[in-house]
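Readers should treat all values here as calculations from the given coordinates under stated rules, not as data from a laboratory. All of these numbers come straight from a predicted model, not from anything done at the bench. As a convention, Cβ positions derive from the backbone with ideal geometry for all residues, glycine included, and neighbour counts pool all protein chains shown.
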Amino acid sequence: MSIAKSATVASGLAVFALGATLALAQAPVRPPYGAEVTLETAKKIAAGAMAESKKQNWYVAVAIVDNHGMLIYYEMQDNTQKASADVAIEKARTAAIWRRPSKEFEQVIADGRVAVLGIRNAIPIEGGLPIVVDGKMIGAIGVSGMASPQDAQVARAGLDAIK
């Protein structure tokens, strides 16, 4: 392939990726950041999530991060698949950094915008949810270990624990 053709292809891919990013940026207005999630609140959320997973007899890892995606609290049940350890954290980071459920990235890709796969800190798998208190985002929860909709159910139960 010629240099000119390579540059044209690279330019086209860059425009496509930018368009995919802008499509995400045009999503509904996201909640403003608030004070960081506290360890006490993170533990309450994790306890609610773990209670749901035990009720369902599901084995999961639960990660709570602050607004910047930094890990605040983590818990993994015995017998949980080991790959879920990192995936739970990445789901939480995605929800925190982008201020949206990780499922939104999964949907964008399902709609055909695969360029989104190149965006850093955006794991496109359901199970990461923002933690919003009094209309402000204070962090996020990520759950992994089961099918993605089940992970999201566990994460929602964690959020319900602080309502």
List, please: which pairs have Cβ atoms under 7 Å, are six or more places apart or on different chains, and start with a residue in region 83-94 that is in contact (Cβ under 8 Å) with a residue 40 or more places away in the chain and end with one that is buried (at least 23 other Cβ atoms within 10 Å of the Cβ) and in a helix (DSSP H, G or I)? Thr94/Phe105
Residue pairs within 8 Å by beta carbon, gap of at least six or interchain, first lying in region 51-72 and under 30 Å from Pro32 (Cα atoms), second surrounded by fewer than 24 Cβ atoms within 10 Å (Cβ to Cβ) and acidic (Asp, Glu), listed first then second, are Ala61/Glu75; Val62/Glu75; Asp66/Glu36; Asn67/Glu36; Ile72/Glu36; Ile72/Asp66
Among the residues of region 105-119, is there at least one that is assigned to a strand (DSSP E or B) and buried (at least 19 other Cβ atoms within 10 Å of the Cβ)? no
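Output the number of residues of region 35-68 satisfying the condition of being within 20 Å of Gly135 (Cα to Cα) and not basic (Lys, Arg).
Total satisfying the criteria: 14.
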